[in-house]
Every structure is written in C-alpha cells, then in structure tokens.
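Step one of this worksheet: look at the structure below.
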Amino acid sequence: MVLECVCPWDGNLSMVSWTKVPDKNPVAIFHPEYGVAFSHHYRERIEFLRSTPMDGSISMSNVTHRDIGLYRCSVQTFPRGPWTLSVQVEDLDENPEEEEEEEEDDDDDDDTTEPSSPEVTVADVELLAEQNNNLTISCNHKHQGTVYQALLERMPLGQPWGIIGVCKKVEGGLVGEDYSDRGQVDCADSLDVDLRLTGVVPDDGGFYRCTFNTDAGVRTTTVRLSVVTPGTKTRIMP
C-alpha cells in the first residue's frame, strides 16, 4: 500500500514526518542527512519512496485492519516552510484473522535473523539523577537560524531509538506532539523542548537525542542519563 505525499512546490526538502491521527501516533520520519526513523509498530514495514526530491510518500507492507485510519504527512521545506497532507486509509476487505496469522509467521522468521550490530552512540551531555527525584531534560537551540521543527527521541539501554516528542511550526502556529509514556514533553515558542520527568526510575536511564531542523541546517544534541539510588557516590566517566 502506498500513501502518497508529494510537496507541490520546488525547494529543498529538509524533513518528512508521518503520524496517525487522532492520537498523533508517530509512524515514520525521513531526514536527508540522518536517514529514517520508525516507530516500533511500523519498523520493517515502511519504506520512503523518494521518487522525486520533494517526495515524502511511503510504501507500507503487511497491511492489516489495524492500519486503517487517517494519516498526516508533514513536509518541512526551505525556503517556503512546512506543507501538510492528510491521507485516509479505508477498509481493506481482508480477513483480520488471516492477517494475524501471517504476522505471527513473520515474527517466527524474524527470530531466525541474526541481530544487527548495535549503534554506537556518543553523548554530548552527561546527566546524573537520583532515583525518585524530579528531572527536566532541556533541548535548547543555541545556533543562528530559524527553527522549523524539533524532534526528541529516546533510546533505552540496549534498545532502538524511539520518537517521544515533536515540536513544529505549521501554518504560523506551534504544534506539539507528545508520545512519551514517561513524563511530559513541553514545546516553547522558540521550539526549545523540555522533557519533565517526575519520580525518576532506573528505566528512565539511557540516551536522549534532540534534532533541530533549521534554515541553516540540522543540529543535534545527545544526552545520556544515568539514574542512581539516593546516597550513591558515582562518577560518570567521560
């Protein structure tokens, strides 16, 4: 199944993001420099077609009834700014039970696949938090240029990156999309992003990455959070 999303004007495409509404669940993101990122449910099922420089269309495989719904494509461009399109996926006229069986078979096949090499991540900032304390992880854009979109991702230790928040300007307004199951993602008018964690737990530890899409290029900051029990004397090695 192909969901078409081709920006109608010429320019430089700097980012494409797909979400599923009304819950604004993340689907996929394409960035010319940093590649692609997919939410867990769509990983290995979506491919960006990129048939033209301004093409943000995606191809979705192994489609089931759970994929029915309204999808929103947001294309960030320079110099004209963002462009959005909504795509409705109708009834697939297929048997959900057969689809679930096919998915289970696919999962069995995945078990025989050798795991890929782990991604090497280097942190720009190290944070240390005591368990049960409150913590704010801030992503502040300190470079020149106009910010069109800010993306916040989290990578728990030993797991892949996942999108937990998006802040973007659409048609002159500020839109914040919070996908975090821990804490709250806040967006400022400047598109600075804060993740507020209440009662930090060990599972909050890991890497957090902020990506700012601007008219001057893309800027990223990676933060590593370590959580310790109260009273523990810990020194984070560089």
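The values are calculated or read from the model by the stated rules, or taken from the named source; none is laboratory data. From a predicted model like this one, the values you see are computed outputs, not experimental measurements. Here the Cβ positions follow ideal geometry from the backbone for every residue, glycine too, while neighbour counts run over all protein chains shown.
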Condition met for S61 (modelled with pLDDT of 85 or more and either surrounded by 16 or more Cβ atoms within 10 Å (Cβ to Cβ) or over 18 Å from K168 (Cβ atoms) (or both)): yes
Is it the case that N25 is surrounded by fewer than 18 Cβ atoms within 10 Å (Cβ to Cβ) and modelled with pLDDT of 85 or more? no
Of those in segment 117-148 that are modelled with pLDDT of 80 or more, part of a strand (DSSP E or B) and of a type outside the set (A, V, I, L, M, F, W, C), the residue farthest from the chain's Cα centre (by Cα) is E130
Which numbered condition in (1) at pLDDT below 85; (2) touching a Gly at 6+ places or on another chain (Cβ under 6 Å) is the only one that V75 fails? (1)
Which condition does T220 not pass, out of (1) within 22 Å of R80 (Cα to Cα); (2) under 16 Å from the mean Cα position of the chain (by Cα), if it passes all the others? (1)
Could you tell me whether segment 171-187 includes any residue that is under 18 Å from Y34 (Cβ atoms) and not assigned by TED's automatic domain parsing to the domain that holds K20? no
Take the residues in segment 161-170 that are in contact (Cβ under 8 Å) with a residue 60 or more places away in the chain and within 11 Å of the chain's Cα centre (by Cα), then tell me which one is surrounded by the most Cβ atoms within 10 Å (Cβ to Cβ). V166
For segment 1-16, which positions are under 17 Å from S86 (Cα atoms), touching an Asp or Glu at 6+ places or on another chain (Cβ under 9 Å) and part of a strand (DSSP E or B)? V6, V16
May I ask you to list the residues in segment 171-191 that are loosely packed, with under 15 Cβ neighbours inside 10 Å and either in a strand (DSSP E or B) or touching a Lys or Arg at 6+ places or on another chain (Cβ under 8 Å) (or both)? G173, L174, Q184
Kindly evaluate R196 against the criterion of being among the basic types (K, R) and modelled with pLDDT of 90 or more. yes
Exactly one condition in (1) touching a residue at least 12 places away in the same chain (Cβ under 8 Å); (2) touching a Cys at 6+ places or on another chain (Cβ under 9 Å); (3) surrounded by fewer than 17 Cβ atoms within 10 Å (Cβ to Cβ) is not met by D194; state its number. (3)
Quickly run through segment 192-203 and pick out the residues that are part of a strand (DSSP E or B) and over 18 Å from the mean Cα position of the chain (by Cα). L197
